[in-house]
Amino acid sequence: MSHPKPNVMAPAASNGQYQHFVPQFLLKNFAHRVPKAPKGPKGTPKPKYEKGMFPGDLVISSLDLTQDAAIFTEKPVSRILGQINMYDDFTKPNGEQRHVEKLLSKLEDQAARIFTKITEAYEANEGGVVLTRDERNLIRKFLFVMKYRGHRFHTRFFHERPEAYSENDRELLREYMEEHPQFKTPMQVWLHNIETLINLEMDPELSWIRELPKKMYYSDAMWFVMHVQSSYMALCVPSEAENEFILADNSYSVHEGPNKYARDIKSDKEEALGYVELHTFAPISPKIMVVLRSLILPNPLEDQSPEVNGMLADLPVRKAENSYSEIVNGRLVSQEGYDGRRGKDDKFRFPFFPIESQHVNIINSIFLDNCLRCTSLVYNSKQAFARTLEWYLTAPPLEIGKIFTGEDKEDRLKTLKKLEAVSRSLGSEKAALWVMPTLPPTVQDHEKIRLRHLERHREYKKALVNDERKPDDEAFFKSIKELHALTRRLSEADASFLDDYELLGMAPSCKNFRKSLMMS
C-alpha cells in the first residue's frame with residue numbers, strides 16, 4: 001500500500017542526504033573495486049566515469065527490481081539500499097533534524113567493530129568467535145534496529161497526522177500519542193522509538209525489560225523484548241565454496257515460520273491473521289549469515305521440546321557456549337560455584353556452523369519470496385546467484401513458499417515471473433512453480449477479532465506497568481509473551497499463545513523461555 005507523502009516531511013531539494021537503511025560497512029562486504037580501464041591506442045579519448053564509479057571505487061553488483069523488467073547493474077556502495085532524508089524530522093529546527101541519523105551512525109560504528117571481529121575470525125579459519133555479553137547485546141540491539149529502521153516501518157509511520165496511520169494497532173498508537181502530546185506525527189513516534197532503543201542500556205540484571213515500555217511506544221517495546229529474549233544467535237557459513245548468501249532490502253526484516261491468512265466473510269478480503277518467527281536473518285557477507293533461532297524450537301542441550309516442522313527446523317545450529325556453564329552428560333548445566341549473577345564481561349563463544357547447499361538456498365529463497373517491494377537483490381558471484389535463483393523458482397511451492405494469498409497475490413506472481421525471466425537470461429530452461437489457493441480459510445469477522453485483541457492488549461499493558469515481579473519471573477515473562485502475541489496480531493484461535501498454538505500445532509513451554517533468561 002502506498003501513502004501520500006505529507007508536506008511537513010518534504011525535504012528541501014538542496015538539503016537532500018542519501019541515508020542508508022543497510023549500513024555501508026555491511027554493503028562493503030558484498031562490494032568489489034572498479035578495475036582500471038585498459039589503455040587504448042594513442043589518441044583514444046579517456047573513458048568517462050560516473051560519480052562513485054571511478055577505478056578503485058567500491059561498487060555493488062545487484063539485480064535492479066525497480067523497472068518492469070529486472071536488469072543487472074553496478075552501483076556505488078554510497079548509492080544503494082537507502083533513501084533520501086529517510087530519518088530526518090522536518091518538524092524540528094534545522095540543527096536537530098538529523099539527530100536520529102547521527103545516532104544511527106554511532107550505533108553502526110560500534111556494531112562494525114564487532115562484525116569486523118567476526119569476519120576476521122572467519123577469514124582466519126578460527127572456527128568461531130568469542131564475544132562479551134555487552135558485545136552480544138549490542139549485536140542483538142543492532143539487529144532489531146536493522147529490522148525496525150527499514151523501508152517497511154518507514155512506510156508504516158510516514159504520516160503527518162495520527163488519523164492517517166492505518167495499521168492494525170492504529171487505536172493503540174493514537175492513544176499513545178494522546179498520552180504523549182509532544183508527538184505530533186506518527187513519524188516522530190518512530191524516530192523517538194529508534195532513539196530510545198539506540199540509547200538503551202541493557203544491564204545484565206534485565207531491569208531494562210521493565211523500564212523500556214515506559215520510555216517508548218509500548219507495543220514495539222514488547223516486540224524488542226521478545227526479539228532479544230525469545231531466540232538465540234548462531235553464525236552460519238556455506239560448507240561448499242561455490243555457495244553464497246544474497247542480500248535484499250528486507251533481508252533483516254523477513255522471517256521463516258508459519259503465516260496465517262484467511263478470507264473475512266464480512267468484508268470478503270484476504271487478510272493476514274498472524275505469524276510466528278522461527279528464524280530471522282542478518283547477512284554479514286556473502287559467506288556469513290547471522291541466524292536468530294526461536295526458543296520454540298528444540299534445543300537438545302536444555303530441553304526435550306516436541307518436534308516442530310519448518311523449512312529450517314533441521315538447521316545444524318545450537319546456542320553459544322558461555323563462561324559460566326558446561327556440558328555434562330549432554331546437558332547444559334551451570335558450573336559449580338556459579339551464583340546465578342550475569343555480568344557484562346561474561347563470554348560467549350559463537351561457532352561458525354557450516355550449512356549445506358539446501359539450507360543456503362532456503363535462506364536465499366526466503367529473501368526472494370519476499371522481494372515484492374524490494375529495489376535490489378545484491379550478490380557477489382553471478383554464477384552463485386543464478387544457481388540459488390533457479391533453485392528457488394523450481395523448488396516445490398509447499399516446501400519453500402511461493403504460496404500466493406492476500407491482496408497482493410497478483411503482484412507477487414508478477415514479481416515471480418520477473419525473476420523467472422532473469423533466470424532464463426542466465427541460461428536456465430526450467431519453469432517456475434507456485435501455488436495460488438482458490439479456497440483460503442475463512443473467518444466470520446476479522447475486525448471484531450482485531451478489536452478484541454486490542455482490548456486485551458490494553459489490559460495486559462496496564463497489568464505489566466503495575467507489575468512488581470522481577471523480569472526473569474516466570475509469570476511475568478508469560479504476561480510479556482501473551483502481550484507480544486497480541487501485538488503481532490495472532491488470530492482468535494491463536495491468541496491464547498501458550499495453551500493452543502494452532503500455527504505450530506504445539507504449546508511452547510514457558511519454562512524454556514525462562515531458561516533462556518537464566519542461562520543467557
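At-a-glance table
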quantity	calculated
Residues that are touching a residue at least 24 places away in the same chain (Cβ under 8 Å) and assigned to a loop (DSSP other than H, G, I, E, B), drawn from region 253-268	Ser253, Val254, Gly257, Pro258, Ile265, Lys266, Ser267
Residue satisfying condition, being of a type outside the set (Gly, Ala, Ser) and open to solvent by less than 50 Å² (accessible area, probe 1.4 Å), within set Leu426, Leu419	Leu419
First in region 308-320 and of a type in the set (Val, Ile, Thr), second anywhere and open to solvent by 20 Å² or more (accessible area, probe 1.4 Å) and in a loop (DSSP other than H, G, I, E, B), Cβ under 8 Å, 6 or more apart	Val308/Pro298; Val308/Leu504
When residues of region 209-222 are limited to those that are in a helix (DSSP H, G or I) and surrounded by fewer than 19 Cβ atoms within 10 Å (Cβ to Cβ), the one modelled with the lowest pLDDT	Arg210
Check on Glu407, among the charged types (D, E, K, R) and under 23 Å from the mean Cα position of the chain (by Cα)	yes
Lone unmet requirement of (1) among the aromatic types (Phe, Trp, Tyr); (2) closer than 21 Å to Trp190 by Cβ; (3) over 25 Å from the mean Cα position of the chain (by Cα) for Phe54	(2)
Test result for Met226, within 26 Å of Val317 (Cβ to Cβ), modelled with pLDDT of 95 or more and of a type outside the set (Asp, Glu)	no
Residue match in region 92-106 (condition: among the hydrophobic types (A, V, I, L, M, F, W, C) and either open to solvent by 40 Å² or more (accessible area, probe 1.4 Å) or free of Cβ contacts under 8 Å to residues at least 60 places away in the same chain (or both))	no
Tabulated pairs, region 419-440, first without any contact (Cβ under 8 Å) to a residue 12 or more places away in the chain, second outside any helix (DSSP H, G or I) and open to solvent by 20 Å² or more (accessible area, probe 1.4 Å), C-beta under 8 angstrom, 6+ apart or interchain	none
Given (1) in a helix (DSSP H, G or I); (2) modelled with pLDDT of 75 or more, number of the condition Lys481 does not satisfy	(2)
Qualifying residue in region 397-412 (condition: assigned to a loop (DSSP other than H, G, I, E, B), hydroxyl-bearing (Ser, Thr, Tyr), open to solvent by less than 40 Å² (accessible area, probe 1.4 Å) and at pLDDT 95 or above)	no
Residue in region 430-437 that is over 27 Å from Ile71 (Cα atoms), surrounded by fewer than 16 Cβ atoms within 10 Å (Cβ to Cβ) and among the β-branched types (Val, Ile, Thr) present	no
Residue, nearest to Trp208 (Cα to Cα), within region 447-460, restricted to residues that are of a type outside the set (A, V, I, L, M, F, W, C) and open to solvent by less than 50 Å² (accessible area, probe 1.4 Å)	Tyr460
Entirely in region 70-169, the strands (runs of 3 or more DSSP E) that have 1 or more residues that are closer than 21 Å to Asp345 by Cα	128-132
Output for region 269-295, where each listed residue is touching a Ser or Thr at 6+ places or on another chain (Cβ under 7 Å), in contact (Cβ under 8 Å) with a residue 40 or more places away in the chain and not in a strand (DSSP E or B)	Glu277, Leu295
Glu390 being within 26 Å of the chain's Cα centre (by Cα), open to solvent by 20 Å² or more (accessible area, probe 1.4 Å) and closer than 30 Å to Ser239 by Cα	yes
Criterion (farther than 23 Å from Glu429 by Cα and touching a residue at least 40 places away in the same chain (Cβ under 8 Å)) met by exactly one of Phe352, Phe367	Phe352
Considering residues of region 122-172 that are free of Cβ contacts under 8 Å to residues at least 60 places away in the same chain, farther than 22 Å from Asn199 by Cα and open to solvent by less than 20 Å² (accessible area, probe 1.4 Å) only, the residue nearest to the chain's Cα centre (by Cα)	Arg156
In region 64-121, the residues that are among the hydrophobic types (A, V, I, L, M, F, W, C) and on the phi > 0 side of the Ramachandran plot	Leu81
Long-range neighbours under 9 Å by Cβ, at least six apart or interchain, first residue of a type in the set (Ser, Thr, Tyr) and at pLDDT 70 or above within region 10-21, second open to solvent by less than 70 Å² (accessible area, probe 1.4 Å) and part of a loop (DSSP other than H, G, I, E, B)	Tyr18/Asn85; Tyr18/Met86
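Residues checked against (1) at pLDDT 90 or above; (2) crowded, with 21+ Cβ neighbours inside 10 Å; (3) among the charged types (D, E, K, R); (4) under 30 Å from Leu377 (Cα atoms):
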residue	(1), (2), (3), (4)
Met187	yes, yes, no, yes
Ile198	yes, no, no, yes
Met202	yes, no, no, no
Asp249	yes, yes, yes, yes
Asn259	no, no, no, yes
Glu270	no, no, yes, yes
Tyr275	no, no, no, yes
Pro306	no, no, no, no
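The values are calculated or read from the model by the stated rules, or taken from the named source; none is laboratory data. Nothing here was measured: the structure is a model prediction, and the numbers come from that model. Backbone-built Cβ (ideal geometry, glycine too); neighbour counts: all protein chains shown. Accessible surface areas use protein heavy atoms only, side chains included; no ligands, DNA or RNA. Shrake-Rupley method; radii C 1.70, N 1.55, O 1.52, S 1.80 Å.
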